[in-house]
Each structure stands twice: as structure tokens, then as C-alpha cells.
Amino acid sequence: MNIDMANFTPLASFIGGLLIGGAAWVLIVFCGRIAGISGILGGVLNLKTPDKAWRLAFLAGIVLSPWLYRLVTPLPEITLVTPWWLLIVAGLLVGIGTRYASGCTSGHGVCGLSRLSRRSLAATATFMGVAFATVWLTGLWR
């Protein structure tokens, strides 16, 4: 997937960031829960989790949001050049990584940093460092 810089929309990105931050704030203030997607999804998949209703509502909001956004403006065209099996392997590796890191990028980066968690700072620095290294290495191979 490539970002079309000619049609880059920083205002929409800013509004999206505000919505993510606002949703995380509402969840922690009114429910006392952290908006880490891996934890929310893990709670839905765990048969012993009693509070599935808000988790399902949160996940439904994530799934339905692009459809609502589509009512305002057309969604960008998505072209995948990566084989489907590689995407599945990558998704599984991300899932394994979130278990080892005790959370995902959204949980650590958005919610953990706002709570001044040192563990989240270390996790987010690791995520970002690996991302920077990956982009740099990918640039070397082109």
C-alpha cells in the first residue's frame, strides 16, 4: 500500500486522531478501561470475560466507522501487492508480539503514554524504533 501524497489530507488525519483520543478518554473516564485493541478483542474471545457488551460495542464502532466516513467522502482505493498468506503470517506475528508486550500500539502509544506509564514508554519506543529501522532497510533494498 502506498500513500498518495498528492491527495494527503492532514485535516482528516487530525480529526481522526482527535476521535481516537476522545474515544480513549471516554472509555477510561466512564468505564475505567484502557482502549487497547488487543485487550478489548482478547476479552471478547475469552469465554470467562463478563463485560463483553462494551467490548463488542467498541469493536463494532471500529468496523462501522469507515462506512460512516464513506457517507461524507469516498474512501481511498486500496491496492494490495502483498500475497494474502504473507498478510496472515504478519497478522499472527503482530498478535504474538502484543501478547509478549502486554498490549498493542494503541494501548501503549495512545493510552499508556497519556497515563505516563514507563512500560508503555519503553514499548512505544521499541515499536517506533523497529518501524524506523524497517523503513530505512526497505529504502536500502529499493
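The values are calculated or read from the model by the stated rules, or taken from the named source; none is laboratory data. In this text, all values refer to a predicted model and were calculated from it rather than measured experimentally. Because the Cβ atoms are built from the backbone with ideal geometry, glycine has one as well, and the counts that use them run over all protein chains shown. When the accessible area is computed, the model is the full protein with side chains, heavy atoms only, and any ligands, DNA or RNA have been set aside. Shrake-Rupley method; radii C 1.70, N 1.55, O 1.52, S 1.80 Å.
How much net charge surrounds Cys104 when only other residues with a Cβ under 15 Å from its Cβ are counted (Lys, Arg +1; Asp, Glu -1)? Could you put the intermediate results ahead of the total?
Working: positive: Arg33, Arg55, Arg99, Arg119; negative: none.
So the environment of Cys104 carries a net charge of +4.
Dipole of the stretch 10-142, Cα-centred, from +1 at each Lys and Arg C-beta and -1 at each Asp and Glu C-beta, to the nearest 20 debye?
Details: 10 positive and 2 negative charges, 74 e Å.
The dipole magnitude comes to about 360 debye.
Among (1) 14.3, 40; (2) 16.5, 58; (3) 17.0, 49, only one was calculated for this model; which label is it, if the read-out is Rg and Dmax of the Cα atoms in Å?
Matching the structure shown: (3).
Rounded to a whole number, what % of the accessible area of the chain do carbon and sulfur atoms account for, probe 1.4 Å?
Summing carbon and sulfur atoms, their accessible area is 73 percent of the total for the chain.
Among Ile28, Ile37, Ile78, which one moves the most in a GNM of the chain with springs linking Cα atoms closer than 10 Å?
Ile78
Which whole-number value in Å² is the accessible area per residue of the chain, probe 1.4 Å? Write out the running numbers ahead of the final one.
Values: 11210 Å² over 142 residues.
Roughly 79 Å² per residue, with all protein chains present.
Checking understanding here: applying a Kyte-Doolittle mean of at least 0.0 and a length along the axis of at least 20 Å (C-alpha), which whole DSSP H helices in the chain pass? Could you put the intermediate results ahead of the total?
Numbers: long enough: 10-26 (24 Å, 1.64); 52-70 (28 Å, 0.70); 84-100 (24 Å, 1.46); 118-141 (34 Å, 0.88).
Once both thresholds are applied, what remains is 10-26, 52-70, 84-100, 118-141.
Where does the chain land at 222 nm, in deg cm²/dmol rounded to the nearest 500, when only DSSP H runs of n ≥ 4 count, each adding -39500 (n - 2.57), divided by all residues?
Values: 5 runs with 86 residues, N = 142.
The helix-only estimate for the chain comes to -20500 deg cm²/dmol at 222 nm.
Which residues in the stretch 63-90 have a backbone N closer than 20 Å to a point placed 7 Å from the Cα of Thr134 along the Cα-to-Cβ line?
It comes to 78-90, nothing else.
Give me the accessible area of Met128, 1.4 Å probe, in Å² rounded to the nearest 10.
90
Points 7 angstrom from Cα along the Cβ direction at Leu71 and Arg115: gap in nanometres?
3.3
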